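> This is the structure, below, for whatever I ask next.
The values are calculated or read from the model by the stated rules, or taken from the named source; none is laboratory data. Note that the structure is predicted; figures quoted are calculated from it, not measured. To get the accessible areas, we keep the full protein, side chains included, count just its heavy atoms, and leave off ligands, DNA and RNA. Shrake-Rupley method; radii C 1.70, N 1.55, O 1.52, S 1.80 Å.
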Amino acid sequence: MIRRYRDDVEPLLRYLPWLEEKKGRSVSSSYTGEDLAAHSMSFPVYDSTLMGFVRAVQQTKLLDRNYVYVYTRYRMRTAADERAQIERADTRNMEVLTGVLSKYVLGGMTKGYLWPEAVEEGIFLAVLKRFKKLFEMWDQSAESQGKQE
């Protein structure tokens with residue numbers, strides 16, 4: 001299980017410094033060009049690194065279209081609930097991490113505010129940090145078992 005997640009998560013860890021830097025800051029803006037008429041609608045413009053991150057996640061097996069069930073099972077309704085469950089996640093319930101990631105990545109495809117919100121609120125950052133911590137704990141456990149044998 002760890003190996004399966006690790007193969008998909010490790011390429012995403014290169015985004016950690018950027019996510020750390022952008023936490024609490026806006027990573028999108030609205031295009032309101034001078035050539036838009038008064039009755040035209042503005043549209044969001046996202047940071048290129050954010051788009052690279054989203055594309056990278058979309059190419060993994062981490063996304064679960066049934067993430068709603070994870071939210072129901074763990075009673076997550078707010079960003080605070082999400083953060084609490086992310087912190088509690090361990091190797092037995094890593095579906096919490098993929099569920100939260102799925103909500104923001106898949107949901108952002110139709111609700112444009114979700115991608116920047118996940119960066120500003122530190123949700124993407126928390127998920128990746130938790131994955132990394134679980135991998136490190138697993139490696140230490142495997143290493144200590146190897147020494148005992």
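> Roughly speaking, to the nearest percent, how much of segment 37-133's 1.4 Å accessible area is carbon and sulfur? Could you put the intermediate results ahead of the total?
Numbers: 2610 of 5220 Å².
Reported share for carbon and sulfur atoms: 50 percent.
> Which order do you get for 141, 48 if you rank them by accessible area with a 1.4 Å probe, largest at the top?
Of 141, 48, the descending order of accessible area is 48, 141.
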